[in-house]
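Trainee: Structure incoming, see below.
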Amino acid sequence: MKPKSLAWVFGIASLAAPLTARAAEYYVAPTGSDSAAGSMGAPFATVERGQQAASAGDTVWIRGGVYMFSGTSDTIAVSFSKAGGTNNPIKYFAYPGETPIFDLYNLKPQQRVTGLDVHTNWIHIKGLEVRGVQQQVTGDCWSVRIQGSNNVIEQVNAHHGQAPGFFITSGSNNLILNCDSHENYDPLEGGGNGDGFGCHSSGGGNVIRGCRAWSNSDDGYDFINAAGSCTVEQSWSWSNGYQPGTMTAAGNGAGFKAGGYGSPPSVPSGGAATHTVRQCLAFRNRAQGFYGNHHPGRINFLNNTAINNPANFNMLSDSGFPSDHVIRNNVATGTGGNISNLNGGTATNNSWNTPPGVTVSATDFINQTESEASMPRKADGSLPDIGFMHLAAGSDLIDKGVDVGLPFSGSAPDLGAFESGAVSTGTGGTTGAGGRGGTTGTAGTTGGAGTTGAAGRGGTTGTAGTTGAAGRGGTTGGAGTTGAAGTTGAAGRGGTTGAGGASATGSAGTTGAAGSSAGNAGTTGAAGTGVTTGSGGDNGTSGSAGTGVTTGAAGTGVSGGAGTSGSGGSTVTTGTAGNGAAGNGPGESGEGGCACNAGGTNGGSLFGLALMAMFVRLRRRR
Ligand SMILES: [Ca+2]
Ligand SMILES: [Ca+2]
């Protein structure tokens, strides 16, 4: 099967896209057809068909299942080429609770292959899995390649590719958030390009956050030849530099290769970029935990933890190009020593310096159980809560750092990647889902911030998180603002109200307002206020969602009847509203409600004008 087909059917009269400014939704499923309407009940087959239909602010929901790619002709699985709007991206989201898998094991052209090719601006991809990119010719292939600006790649899992997992070739202000990249190995290069994450753009402001790289054949994270600034933060890296699943050496094996222009350095005319590596964890990499890689300019290594890398902090720079690195609040322990090859720059207030004059031992940490790093992510996609290398109560590493501009608790920052105690700036949730076919949806109340708050379809009012869209067929859609919760959820189709979104900094939506009805949808669809998911009334009578719990399921309902009330969870991340499928709304027919998204993307760090810069990569080993 080749979902990527040029034989798109144009001119379909019955496309579900409403000709209004309101955000529309489309659906893609492995069982779909590109000549279908793109609705929940009649989905498209390809993401690109969804892209063709979508405009800025719209959401293309990608249903779970395996999207197979094969043959010897195509070279790209999914080509993202349509830009969204400024701060109003086109969203390509996995349908809640499902995992779309893009499988390239059988796509074998005699050319370089790309899984997800993002050569555009202002799109947001979330929840996809890419596996099995094959390398038939020398040179890089890519599981996920970015050649554009202001894109968000979130909760994407790229693995077992004969290629780097994620690779920013060009562009600026992209965010790779909560992604995993593992067991990638490019056999035709001896594993020398199989990095987990690569930031190699001449455009600056690219950020990798909340990510994990393990068992990749080359490096976990690699910034070589990046003339634009790159930041990697709150990310982990281990067991890189081997053929996956073995202890056979392959590529370079740095956990974080934080720069470099080669040896000897060939510095761009504009000077070397400043990169930042902070709050990161590296262990068991084949060569180094944190590596300067001949970088002639400045790299900030702040609050990182390295354990059991052969060299924990190797700041190698070349003669004539003293490093000038800023190295603060880091912890090195286990095998591999502390710091080596520092030539210029300052390494102060790290675990091996005096001050602070601490003694690092196993008792400083809750545990040293490396396997905890592989635990499943939390429901919102963030890294799992682990004890590994987190400071134990009473550790003398607590409050021994200096202020480097990062949040901290207590009297001072701690040493290492994980601050102990509560840090005031909470992390937000990701999604607040809208009411589906319900009548009244209750949104979240307190909880973490949402990146996305969804409104109901067919509802009356939908308020989302940051840029929440209103319910389809509804009347009013208000948007939230940064950090603000969705206040009112949207009504379901045929229903009355679905619940709103969440927020960016801790407060979620509060109440979902009702819609009107005429349809027979549920009465109440609840949104999440809660910890993880609150689901609303699903065509039922009164489904109540969890409050403050993990999942609140709504009532599933009575035959033919509408749901009555589902109440949302309260507290953090995702709220799924009522699922009143049965109802038909005024002016709508046949189809029940659906989870609708009104995404407020809290992409504060990404705002800004797109700056495309083509990056001519030096032809050398990364
Ligand atoms: Ca502290
Ligand atoms: Ca590399």
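Here, each number is a calculation from the coordinates, and none is a lab measurement. All values derive from a computational prediction rather than experimental measurement. So basically every Cβ, Gly included, is an ideal-geometry build from the backbone, and we count neighbours across all protein chains shown.
Trainee: Cβ under 9 Å from G127's Cβ, G127 left aside: what net charge do those residues give with Lys, Arg +1 and Asp, Glu -1? Spell out each step's value before the answer.
Mentor: Values: positive: K126; negative: E98, E129, E154.
Net charge around G127: -2.
Trainee: Suppose R0 equals 22 Å. What FRET efficiency, 1/(1 + (r/R0)^6) with r the Cβ-Cβ distance, do S361 and T335 give to the nearest 0.05? Each step should come with its number before you reach the end.
Mentor: Numbers: r = 14 Å, r/R0 = 0.63.
Taking R0 as 22 Å, the efficiency between S361 and T335 is 0.95.
Trainee: What ranking do L406, L128, L188 get, fewest neighbouring Cβ atoms within 10 angstrom at the top?
Mentor: Values: L406 17, L128 26, L188 14.
Listed from fewest to most nearby Cβ atoms, that is L188, L406, L128.
Trainee: If you don't mind, another one. Whose amide H sits under 5 Å from the amide H of A332, counting only residues 5 or more places off or on another chain, with H placed in the peptide plane?
Mentor: A306, S351, W352
Trainee: Subtract the Cα-Cα distance of T86 and S266 from 0.36 nm times their separation in residues, and report this length gain in nm to one decimal. Don't jump to the answer; show the numbers that get you there.
Mentor: Values: separation 180, 0.36 × 180 = 64.80 nm, distance 3.54 nm.
Full extension of this stretch gives 61.3 nm more.
Trainee: At 0.36 nm per residue, minus the direct Cα-Cα distance, what do D403 and M247 gain on full extension? Give it in nm, one decimal, please.
Mentor: On the way: separation 156, 0.36 × 156 = 56.16 nm, distance 3.92 nm.
Extra length available between D403 and M247 comes to 52.2 nm.
Trainee: Quick one: net charge around Q136, please, counting Lys, Arg +1 and Asp, Glu -1 for every other residue with C-beta under 9 Å from its C-beta.
Mentor: Working: positive: K108, R112; negative: none.
Around Q136, the surrounding residues sum to +2.
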